[in-house]
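Asks: I have a structure here, written as structure tokens, and I will follow up with some questions on it.
Coordinate-derived values only; no laboratory data. Everything quoted here is computed from the prediction, not taken from an experiment. Note that we place each Cβ from the backbone using ideal geometry, even for glycine, and neighbour counts take in every protein chain shown.
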Amino acid sequence: MAAKFLTSLLPAAVALLAVPFRTRISAGGRNVRAVYLFHRSGDPLATIASNAVPPIQADQLAPVLGAVRDFVETSVPKSRGFQQTSQRFGEEGLVAVRGRYVSACVVYRGRRDRPLRRNLTRMVRTFEDRNGASLETWQGATSLAGVASVAISGFVAPSGLAA
């Protein structure tokens, strides 16, 4: 009976131990506002926005969206490897990664972008490896809209990939 009781307390103890680490990570100043995934055609495949981070002011939004558009439209896909970029807009930042079939962009508030860049590259690589055949055409890519949303949702989820 006592062993059963202790076993039931284990998940709660693990959760309590994780709280200080999660607080430290989120206190690093980076909050993901939105994640965009575009097909190589330039068409949006999936978009996720955080409801936990206040929206960007309208006068600050235009340059951020312009940078996303420029990256998606002007970058040349590589056969292997990933093209990366990052830009700052005051307190806002943008990290973008372009793979062979998709481009992913994260808009965040904060300073450090290295962990975001690494996780975004990993997400694009994994997404393309798993779905390459369908991503060859826009029609095939549209069948992956739900899968694409799930793939990028980890960046705005409470236990997200951003940290």
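Asks: What FRET efficiency comes out for Arg112 versus Leu65 if R0 is 25 angstrom and r is the Cβ-Cβ distance? Round to the nearest 0.05.
Replies: After rounding to 0.05, the efficiency reads 0.65.
Asks: Separate question: Give the shape of segment 73-146 as rounded, prolate or oblate, defined through the alpha-carbon gyration tensor: a ≥ b ≥ c are the square roots of its eigenvalues, a/c under 1.5 means rounded, and otherwise the shape is prolate if a/b is larger than b/c and oblate if not.
Replies: Since a/c reaches 1.5 and a/b is larger than b/c, the shape of segment 73-146 is classed as prolate.
Asks: Quick one: compute a quarter of the convex hull surface over the Cα atoms of segment 30-153 and quote it in nm².
Replies: 7.0
Asks: For Asp70, Asp113, Asp129, what's the fewest-to-most ordering of other Cβ within 10 Å of each Cβ?
Replies: Result, fewest neighbours first: Asp129, Asp70, Asp113.
Asks: Let me ask you something else. Sort Tyr101, Tyr108 so the one with the fewest other Cβ atoms within 10 Å of its own Cβ comes first.
Replies: Fewest-to-most Cβ neighbours within 10 Å comes out as Tyr101, Tyr108.
Asks: What percent do you get for the relative contact order of segment 93-132 when only Cα pairs under 8 Å and 6+ apart count? Could the numbers behind the result be given before it?
Replies: Values: 41 pairs, mean separation 17.6, N = 40.
44 percent.
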